[in-house]
Amino acid sequence: MKRFAPLLLIVAVLGLAGLAQSALNDYYQRVLAVIAINIILAVSLNLTNGYSGDFSLGHAAFMAIGAYTSAILTLPARTKAIVLPDLPLWLSQVELPFIVAILIGAGLAALVAFVVGIPVLRLRGHYLAVATLGLMVIVQVVALNWQPVTRGARGISGLPPFTTLLWAYGWMLVTVAVIWRIVHSPLGRAMMAVREDELAAACRGVPVFRTRLLAFVCGALFASVAGALWAHLITAITPSSFSFLITFNVVAMVVIGGAGSISGSVIGAVLMTLLPELLRRVETTLAIGGQPLYGLSQIVIALMMLAVMLFRPQGLMGRRELPDVLAGLAGARRASLPAHAEAAGEA
Amino acid sequence: MLTPSYIAQQFINALNMGSIYALVAIGLTMVYGILRLINFAHGDMMTVGAYLALAALTVLALPAWAALLIPMFVVGALGVLIERLAYRPLRGAPEVAMLITSLAISSLIENGATMTLTAQPKPVRLPAELTQRVDVLGLNFAVMDAAIVALAIALMAALTVFVRRTTIGIAMRACSENVRVTQLMGVDVNRVIAVAFAISAGLAAVAGVLWSGKFGIVDPFMGFVPGLKAFVAAVIGGIGNIPGAMLGGYLLGFAEVFFVAFMPPEVSGYRDAFVFVLLLVVLLVRPTGLLGAREVNRA
Amino acid sequence: MPPSSLLQVHDLAKSFRGVQALQDYRLELGRHELIGVIGPNGAGKTTLFNVLTGVTPPTHGRIVFDGQDITHAAPDAICRAGIARTFQNIRLFRRLSVLDNVRIGLQAHSHDRLHEVVLRLPGFAARERQLAQQARELLDMLNLADYAGAQADSLPYGLQRRLEIAIALATRPKLLLLDEPAAGMNPTEAEALMRLIARLHNELKLAIILIEHNMRVVMGICQRIQVLNYGRLIAEGRPEEIQQDPRVLEAYLGIAA
C-alpha cells in the first residue's frame, strides 16, 4: 500500500487537474495554475535556502531567463517578424515546441547559476543573497536594454497560452519528485551536513563546494521552468514582471511553510498564493478615502514573516514531512526508525 | 565630447555618488561587522529619510538644515527601535534569521509607504540657495554638489574620531573583531549594537536626503538599488571595515559614473549590470576586499 | 618508503598573524601505532590537527600520508585519503538523526551521481540499504544502536563524544585523530573511553593520534608520546621516559600538576 502511495498521488493530481481544466472558469483555472507554479518555485528555492543552507534570492532572475527564452523560442515566426523585427535571423526563424523551449531555458538558467555560483559559493556567509539579488538586477537591465531580442521595457506580449492546468501540475509533480529524491539521497544528506556545519562536513569527506553548487544550480533550473510556465499563462512579460517582489514572496512561502521540508514549501506556496489573492480584493474594496490600499497584501505577508521568525522560526512544518506527521498522528510511527529511513524506503 | 569641462563635470558627479555610497556602505559594514547581518532594510532607511526631509521642506516649511537633521535623528532612532524589536530577540538564532527579518522589514517599509503615500514618485524642490551654480577655479557646479561632498566628508571624519577615540567607538571595533571576547571584557554589547544601528540608520537617512536632493525625486522603492550597491561598495573595501566602506563607496561612485560617461550610449544603459558584475569579479579575485582581513576558520 | 610508515611530517610550522602556533614539528607514524600528543592549553595541539586535516594550511613544511603529499590538500580530500578526526568542542550535524550523522561519514567513499539519484537507477536502493546497514553496525560497535533515530544534539554529552568517533570511523580512516576525547568526563568515564579507544585500535588496525590535556589519561594506552609546549616539540618517547623527563616535568607538569 505504502509503495503505491506516490503513484496514487500522481494519478489523483493529474486527474483532478484534467477535471478542473474542463470544469472551472478561467479565473479559478488561473489561480490553480499559479498555485502549481508557486509550488515549483518554493520547492526549488528550498533546495538552497532550506537544505544546503545558502540563502539565494535569485529566483526572479532565473524565472526571467526561463520566461524570455521560452517566449522567444515559441513565438510563431510570423508574429516575430512583426513584434521583434530586429531579432537575429536564426532566432527569428525558430519555432519550437513548448517542452523543448522549457528545457532550453532550464539549461540556460542552470548555466548562469553555475557561472555565478563559482565565485560566490566558495565564500562563507550569505554573500549568495546579495550576489543573487545583483544577478536579478543584471537580468532586468539586460531585458530592458537588449531591445532586438527582448523588446525592452515594452516586453513581449501575445505569447501562445500553452500553460494549461495539466502542464502546470505535470511540471509540479516532476519538480517535487526530483527534489524529493535528491533530498532523500546521499546528495541531500551532504547538503544538510553542509547546512549544519560546513567545516565538520568537509572533514568527513563531503565535497562542500560541489554540494552547494549542485543545490543552487538545481534550484535555478526549476525556477526557470516555473518562469516559462508563468510566461505562457499570463501570455505577456516585461522586465518588471520579474522583480524582487516575486523573489520575496517565494522566500515567504519557504520560510512560513518551513525551510527544510518539501511538504512545508508546498503548503507555504498554497497559503501564500491564496492569501494575497483574497487580500487583493480587500485592497480595492476597503479603500480609505477612495484610495485603494495597494501594498496591503505585501504588508500582511511581511508581518507574517516577522511573526514566524520571532515565534516559530522553523515554520509551520519544521523540518518534518507530511507523511511523517500523518504517520505520527495515526500513532503508527515506530520510535526507533528515523524519519529519513522511512521516507527513503518509500520513494 | 571629451572636453575638460565635461570630464570635470563627471568628476564632480562621481564624487557625489561616491559620497552617498560611502555613507550608506558605512552603516552596512558596521552592522555586518558586529552581527554578521546583511541588512536588506538598510537602503529603506534612505527612503524614510528622504520622505521626512520632503515633509520638513514642504509640509512644515522648515529650512534646509532642519530637513537634514530631523531625518538623521528620527531615522537613527528608528534604527534603534527596529534593532530592539526585530533583531535583538533573534540573537543566537541562525544568522539567516536576521537576514530574513531584514527582508521583511524592507518590504514593510516599502509597502507601507506605497499604501499611505502611493507609489507615485514625488518631486523634491530644493531651496534656491542650493540649486544656484557657482564657478570655482573654472569648475562649474551647483551648491548642492559641494554640500553633498562636504557633508559626507565631515560626517566620515566625525565617525572616524568617534570609533578611534571614544570608549563606545573602540568597543564597537572590538566587537567586530570578536563579540564574545568583548562581552567577557565587560563591555555592554547591547549598548554597542544599539549605537551602531543608530549611526548606521542616521547616516543612511542623510544619504537618502542627499540622494533625493540630487535627483529631485522621492519614491517608496528609491533605497533598494542604492542599498544593494552600497553592499557592493562595502565588499570592495572589505566588509566589516569602516575605512574600507568609505574607500569602496568612492571607488564604486567613480567606476559607475565613468562607465556611464565614457562608454558608448548603447552600452551605458547597462550601468547597474556593470556594478553587479563588478561585485562578482571582486568576489572571485579578492573576496576579502581591499582593506578586509581574512575571516578565520575556527575548528 | 618503508611500508610500516603511514604518515611523515617534515618541519611543519603554522603562524597566525606572526604568532607561532606550531614550529619545527616532525613525526613519523607507523601504520598501527597509537601515540599521544600532550601539552598544556595553547601548546599547539589543536593547531597540529587543523593543519594535518587541511582546515588551515601550514605556513611551512610537508605532510606525506600513505605515499601521497597532502600538504595543501582540501579537508574533504584528506578525509577520503584516510585521515579522520574528532573535534575538541564536538561538532555533530546537530539537527540530523544519529543514523544520518553516521551515514554522512560512510558516504565519503560513495559517489552517487545526480542522474542515478533522480532516476533511482537499479543500484541506488541497494547502496542505500547497504549504507544504512553499515551505519547500524557501527552504532552497534559503539553501543549507540538504541539512539539511531534520535536527533544528534539530544544525546547526553558522553554519547555525543562517542557518536563523533563513530562518524570519524565511518569514513574508513587509516589514521584517526582524536582531539581531547575525554574532555569533560569524570575519571571512570575517561577510563572506559580509553579502553574503547584501545579496543578500536586493535580491532580496526588503525593508527591513532590522541591529543590529551591530562597526561595520566593517555599514559596507559599510548605506545609513544610527544610533548608540545609553546608550539614546539619539547620531548618524545615511551610513556615511562616522558614521565621522567625533566623538561616535561618543568614545562608541563610544573604548570598543570
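Each value in this text was obtained by applying a stated rule to the coordinates, not by laboratory testing. This structure is a prediction, so every number in the text was calculated from the model and none was measured. Note: ideal-geometry Cβ built from the backbone for every residue, glycine included; neighbour counts use all protein chains shown.
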- Message: I'd like the antiparallel share, as a percent to the nearest 5, of DSSP beta bridges with both residues in chain C.
- Response: 55 percent
- So, relative contact order of chain A in percent, Cα under 8 Å, 6 or more apart, is 28 percent
- How big, in percent, is the set of alpha carbon pairs in the range C:88-234 lying more than 25 Å apart? 35 percent
- Mind ordering A:128-136, B:232-240, B:107-115 by average Cβ neighbours within 10 Å, highest first? B:232-240, A:128-136, B:107-115
- With Rh as the Kirkwood radius over Cα pairs, chain B has Rg/Rh of 0.97
- The relative contact order of chain C, taking Cα pairs under 8 Å that sit 6 or more residues apart, comes to a percentage of 28 percent
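Once you have the Cα-Cα distance between C:Thr188 and C:Val19, take 0.36 nm times their residue separation minus that, and quote the gain in nm to one decimal.
On the way: separation 169, 0.36 × 169 = 60.84 nm, distance 3.76 nm.
Working it through step by step, the gained length comes to 57.1 nm.
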- Message: With both bridge residues required to lie in the protein assembly as shown, what share of the DSSP beta bridges run antiparallel, to the nearest 5%?
- Response: 65 percent
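Set the Förster radius R0 to 30 Å, insert the Cβ-Cβ distance between B:Phe258 and B:Leu139 as r into 1/(1 + (r/R0)^6), and round the FRET efficiency to 0.05.
Efficiency computed from Cβ-Cβ geometry: 0.95.
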- Query: If one computes the Cα centroid of the range B:56-97 and of the range C:40-69, what distance in Å separates the two points?
  - Reply: 48 Å
- Item | Pairwise centroid distance, computed over Cα atoms, of the range B:132-192 with the range A:109-145, Å | 31 Å
- Note on the structure: Under the helix-only model (-39500 (n - 2.57) for each DSSP H run of 4 or more, divided by the residues of chain A), the mean residue ellipticity at 222 nm, to 500 deg cm²/dmol, is -23000 deg cm²/dmol
- Query: Shape of the range C:94-161 from its Cα gyration tensor (a ≥ b ≥ c, root eigenvalues): rounded if a/c is under 1.5, otherwise prolate when a/b > b/c, or oblate?
  - Reply: prolate
- Task: Measure nothing fancy, just the Cα-based angle from helix C:157-170's long axis to the longest principal axis of chain C, in degrees from 0 to 90, nearest 10.
- Result: 70 degrees
- Item | Length released on extending from B:Phe215 to B:Glu129, taking residue separation times 0.36 nm less the Cα-Cα span | 29.3 nm
- Message: Test of understanding: extend the Cα→C-beta vector of A:Val13 to 7 Å, then name every residue of the range A:249-265 with backbone N under 13 Å from that spot.
- Response: A:262-265
- Query: For the range B:19-223, what is the relative contact order in percent, using Cα pairs closer than 8 Å and at least 6 residues apart in sequence?
  - Reply: 47 percent
- Task: Along each of the three principal axes of the Cα atoms of the range A:1-63, give the extent in whole Å, ordering the values from largest to smallest.
- Result: 41, 37, 12
- Cα shape, the range A:2-243, gyration tensor, a/c 1.5 rule: oblate
- Note on the structure: The ratio Rg/Rh over the Cα atoms of the protein assembly as shown, Rh being the Kirkwood inverse mean 1/r radius, stands at 1.00
- Item | Label-point gap, in nm, between A:Trp146 and C:Arg120 - each point 7 angstrom along Cα→Cβ | 3.8 nm
- Query: What nm distance separates the two modelled labels at C:Asp11 and C:Gln68, each placed 7 Å from Cα along Cα→Cβ?
  - Reply: 2.5 nm
- Note on the structure: Simple SL model, points at 7 angstrom along Cα→Cβ for B:Asn190 and A:Leu310; separation in nm is 1.7 nm
- Loop-located chymotrypsin sites (Phe, Trp or Tyr not before Pro) in the range B:11-62 whose Cβ has at most 11 other Cβ within 10 Å (DSSP): none
- Query: Based on the Cα atoms of the range A:91-227, what semi-axes does the equivalent ellipsoid have, where each is the square root of 5 times one gyration tensor eigenvalue, given in whole Å with the largest first?
  - Reply: 32, 21, 11
- Note on the structure: In whole angstrom, largest first, the equivalent ellipsoid semi-axes that the Cα gyration tensor gives for the range C:159-257 are 25, 15, 12
- Message: Can you tell me the mean projection area, over all orientations, of the convex hull of the range A:165-262's alpha carbons? Units nm², please.
- Response: 7.3 nm²
- Task: Would you kindly state how much longer the chain becomes between B:Glu177 and B:Leu62 on full extension, computed as 0.36 nm times their sequence separation minus their alpha carbon distance, in nm to one decimal?
- Result: 37.2 nm
